[in-house]
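The values are calculated or read from the model by the stated rules, or taken from the named source; none is laboratory data. Computed from a predicted model, the values in this text were never measured in an experiment. Cβ atoms come from the backbone with ideal geometry, glycine included; neighbour counts cover every protein chain shown. Surface accessibility is based on the protein's heavy atoms, side chains included, excluding ligands, DNA and RNA. Shrake-Rupley method; radii C 1.70, N 1.55, O 1.52, S 1.80 Å.
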Amino acid sequence: MAKKAIIVTPTSLVSNWESEIKKWVGDRLQLIALCESTRDDVVSGLDSFIRPHSPYQVLIVSYETFRMHSSKFDKSGSCDRTVQTLTNRALAGLSCNRRILLSGTQMQNDLEEFFAMSPIISGREPTSTEEERNLSVERSAELSTKVNQFILRRTNALLSNHLPPKIVEVVCCKLSPLQSELYNHFIHSKNVKRAISEEVKQSKFLAYITALKKLCNHPKLIYNTIKSGSGTSGFEDCICFFPPAMFFGRSGAWTGGDGVWVELSGKMHVLARLLAQLRSKTDDRIVLVSNYTQQEIRWAEVSFLWASLEMIH
């Protein structure tokens, strides 16, 4: 079906694709994987792949590298198939016979994603007529028939017989002394007591809950709010609870040692010990997932991971 293929993927997955192909295909094909290479190496690798009678059948390249050198693939026959792991828009101009989209994200049941589907959508409205509903059912069946010809769905049921059972462990971590002081001060503050006894806006309660969630992750996440005196009330006069030696300069930069940084959070302390055990006794890979994306929290996550790795080493 294809003599040459290009796999365009996020940079972090280039080496994954290379190792998986080598694992399952071995020496039955020749491939080039371009990841974090110098410009000369990239140009040389691309030229080797696209030249006539090239021995290479597969090119694995990142989105960024492909976009920078997309003009090299303008020639017809530069590849027969492309594999894209997230989106096909970046490769819409590539001349090839087939395209495959692989996505770890579930396909959404949103008819608007199938462009002009107004008869189907109209027939599902509460005010639709019987004729519109019948037409909607007819068009829905027609759409399903056509889509099933080129969309191949795979659910986790396909892997259930090949994977070990999923184990979910919920670990309740004690607060550090600093967290406990800040927590108790907050829940006994006048502003919080007033909010509980009086009728206040729901947004106020959500702000309090968010503040406590941050505190339970790490005190650093609320330090800037406390220092500036703005944001959620309830933490007034709490700056005295923080160890003075941990800050310096006008900006109040966080200067605690790696061990101290971890010890200030009960959750981070448990996680650091867990990472150390897994690193020393297993070859397991670890994925840490966070619900937060705002800058101050991402900064704290990066700092914590760095501190944890230093501790492990």
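Below is a table of values for the structure above.
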quantity: Label point distance in nm, ILE100-ARG124, each placed 7 Å from Cα along Cα→Cβ; calculated: 3.0
quantity: GLU20-VAL270 pseudo-label distance in nm [points 7 Å out on the Cα-to-Cβ vector]; calculated: 3.3
quantity: Largest-first ordering by accessible area, 1.4 Å probe, given options ASP284, ASP40, ASP27; calculated: ASP27, ASP40, ASP284
quantity: Förster radius 22 Å - calculated FRET efficiency between ASN184 and LEU206 (Cβ-Cβ, nearest 0.05); calculated: 0.55
quantity: Potential lengthening between ARG194 and LEU143 on full extension [0.36 nm per residue; Cα-Cα distance subtracted]; calculated: 12.6 nm
quantity: Cross-link pairs LYS193/LYS267; LYS193/LYS213; LYS193/LYS214; LYS72/LYS146; LYS4/LYS166; LYS22/LYS72 - those with Cα-Cα distance over 29 Å; calculated: LYS72/LYS146; LYS4/LYS166
quantity: Order by protection proxy (mean Cβ within 10 Å, highest first), peptides 127-140, 167-180; calculated: 127-140, 167-180
quantity: Segment SER12-ASP237, extension gain: residue separation times 0.36 nm, minus the distance between their alpha carbons; calculated: 76.5 nm
quantity: Segment ARG51-GLU131, length gained on full extension (0.36 nm per residue, minus Cα span); calculated: 22.9 nm
